[in-house]
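Step one of this worksheet: look at the structure below.
The values are calculated or read from the model by the stated rules, or taken from the named source; none is laboratory data. All values reported here derive from a predicted model rather than from experimental measurement. Ideal geometry is used to build each Cβ from the backbone, glycine not excepted, and the neighbour counts take in all protein chains shown.
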Amino acid sequence: MINLKPLRSKQFPRIFLDLLMLFLAVVHLVLLVFDSTYLHFRNLYYYYLPTVVKQYDQVKGITPHQFTSEYLGLASEYFNACRSTGQVDRSLQNRLIERSDQMIEENPFERAGQTGQLETVKENIRRFTGIKTSSKKAFRSFWSEGCARLELRENFYHRRVARYIQTNFWRAIDTNGQPVDWFVGVDLGFILIFLLEFLISWILAVRRMGSDQKILFPLYHWYDLVSCIPLREFRYLRLLRILTIYFRLIQSEIIQIKDHPLYLRFVKYQKIILEEISDQVAINILSNIQAKTRLGTNREMLEETLKSYRHEIQEVILLNLQKFRVSTFHTRGDQISEIISSLLWESIQASSDYKRLRQIPLVKEAVDQALNPARLERVVGESLAHFLASLDHTLKSPEMTDFLSQLISDIIDEVILILEDERIQVLMEDINLKVLEELKKSSTAKIWKTFPAGSGQSPRQTQPLNDPKN
């Protein structure tokens, strides 16, 4: 789909140049393909596009072959004589028979790569005359009949003999021993245009992006330079020029293909291939990790990691402990006091010493007065308030910081010691292997099968965030 809106922008000169170069590159590529295949399809062009053959034979240095042209002339003279006088000169018959023998022996079609045409003519003449053993005898029989069966023989000759002989040609050879080919002049004309466009783009790149482009630009666009070498081997690198210009036009939004069914299908199969490759890579990586896990390297890695980041772990834990908010306990102080005092009262009541004291006369009243739920709750509340008041200051004191640092360090040492336990090692290995196996199973799931062809969607994609500028 063509979008003409960008042509109205300030980028019009660059876009117009890209469009012009794309047109010229496509025309040039079409001419290259036509020239490269011309000799192969020349017989087809000869029958259906004779004007094209007449003009392009001059470019390839092709002229009618002298021998086959003479042979066709003699045959035309032969049939004209039969139609006009009803008889043909014997010498003309002999000349045609001699030329037929010479054509079979010398094969004037070989140089033009048309030997197949001669073989077809020989096969056809043998079938027509019924002489299967010798092409020379078949030609001699055909031309010796004189004017007998004139219409039948003439129709056969034009359809089954002359049609194939007249495609033969002679191609001139230049001083280098190579066939003449003037297409190189056409090719050089396009090369000069492409080199001029490359030079202009190079100058603009240096002005726009700095002097580094003096070296980087030809390196990035090496294929443009290589394709301009006027050798047959490098010609088809010019297809890359078409592709690069085409992609530039897509980036300029002149050509819009994102909604085209073919593009969507291409994207789908591209994602399928990438998913298949990435899945195999992921499985290989996970298999290697499993092998290392069985060797016990994961435990060593964990120990080394804990030792390497010991100070960082201490700092993070200390920082979070010092951020501890004591104020949250003040708001729930009554509830905490009630819970603690209730637990203490239940513990006191369950104590055997408390029960014995209450059995002593005169002591029971003193014990009940000193130890009761209300008093316990008041004492706990006062103690908790005092504790919370000093806790915030204590957490940030140097003494507490040193204590907590040492405590955290001791905990890390204990964790490292625990990791050396054989049962812990076996458990960690089993867990790691199980997790890795599940990851391998998930990697083999073909996610692309859940989406229809051409949808261009993937469950691994996330919805883009709305652009705040829109």
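A few notes on this one:
- Extreme residue, farthest from Tyr38 (Cα to Cα), among residues of the range 74-119 that are hydroxyl-bearing (Ser, Thr, Tyr) and surrounded by 16 or more Cβ atoms within 10 Å (Cβ to Cβ): Tyr78
- Unmet criterion (only one of (1) surrounded by 18 or more Cβ atoms within 10 Å (Cβ to Cβ); (2) in contact with a strand residue (DSSP E or B) (Cβ under 9 Å, 6 or more places away or on another chain)) for Ile173: (1)
- Residue list for the range 138-164, filter: part of a helix (DSSP H, G or I) and of a type in the set (A, V, I, L, M, F, W, C): Ala138, Phe139, Phe142, Trp143, Leu150, Leu152, Phe156, Val161, Ala162
- Of all the numbered requirements in (1) farther than 30 Å from Ser308 by Cα; (2) modelled with pLDDT of 75 or more, Pro398 misses one, and that requirement is (1).
- Criterion (surrounded by 14 or more Cβ atoms within 10 Å (Cβ to Cβ), farther than 26 Å from Asn107 by Cβ and modelled with pLDDT of 90 or more) met by exactly one of Leu204, Leu192, Leu150: Leu150
- Pairs where the first residue, in the range 130-143, is in the same structural domain as Leu74 (by TED's automatic domain parsing) and the second is aliphatic (A, V, I, L, M) and in a loop (DSSP other than H, G, I, E, B), C-beta under 8 Å, 6+ apart: Lys137/Ile131; Ala138/Ile131; Ser141/Ile131
- When restricted to residues that are closer than 30 Å to Trp222 by Cβ, in contact (Cβ under 8 Å) with a residue 60 or more places away in the chain and either in contact with a Leu (Cβ under 9 Å, 6 or more places away or on another chain) or assigned to a helix (DSSP H, G or I) (or both), the range 165-186 contains 2.
- For the range 55-91, a tally of residues being charged (D, E, K, R), assigned to a helix (DSSP H, G or I) and either within 27 Å of Ile104 (Cα to Cα) or in contact with a Gly (Cβ under 7 Å, 6 or more places away or on another chain) (or both) returns 4.
- Checked across the range 114-121, the condition of being in a helix (DSSP H, G or I) and of a type in the set (Asp, Glu) holds for at least one residue.
- Phe139 vs. criteria over 30 Å from Gly86 (Cα atoms), at pLDDT 85 or above and not basic (Lys, Arg): no
- Among the helices (runs of 4 or more DSSP H) confined to the range 244-362, the ones with at least 3 residues that are out of contact with any Ser or Thr (no Cβ under 8 Å at 6 or more places or on another chain) and at pLDDT 75 or above are located at 261-294, 297-308, 310-322, 333-350.
- Of residues in the range 48-69 being without any contact (Cβ under 8 Å) to a residue 60 or more places away in the chain and among the hydroxyl-bearing types (Ser, Thr, Tyr), the one nearest to Trp182 (Cα to Cα): Tyr56
- Qualifying residue in the range 24-39 (condition: within 25 Å of Arg159 (Cβ to Cβ) and surrounded by 14 or more Cβ atoms within 10 Å (Cβ to Cβ)): yes
- Any hit, the range 79-92, residues being under 40 Å from the mean Cα position of the chain (by Cα) and either in contact (Cβ under 8 Å) with a residue 60 or more places away in the chain or in the same structural domain as Phe247 (by TED's automatic domain parsing) (or both): no
- Candidate set: the range 402-433, residues that are of a type in the set (S, T, N, Q) and over 21 Å from His311 (Cα atoms); chosen: the one modelled with the highest pLDDT: Asn432
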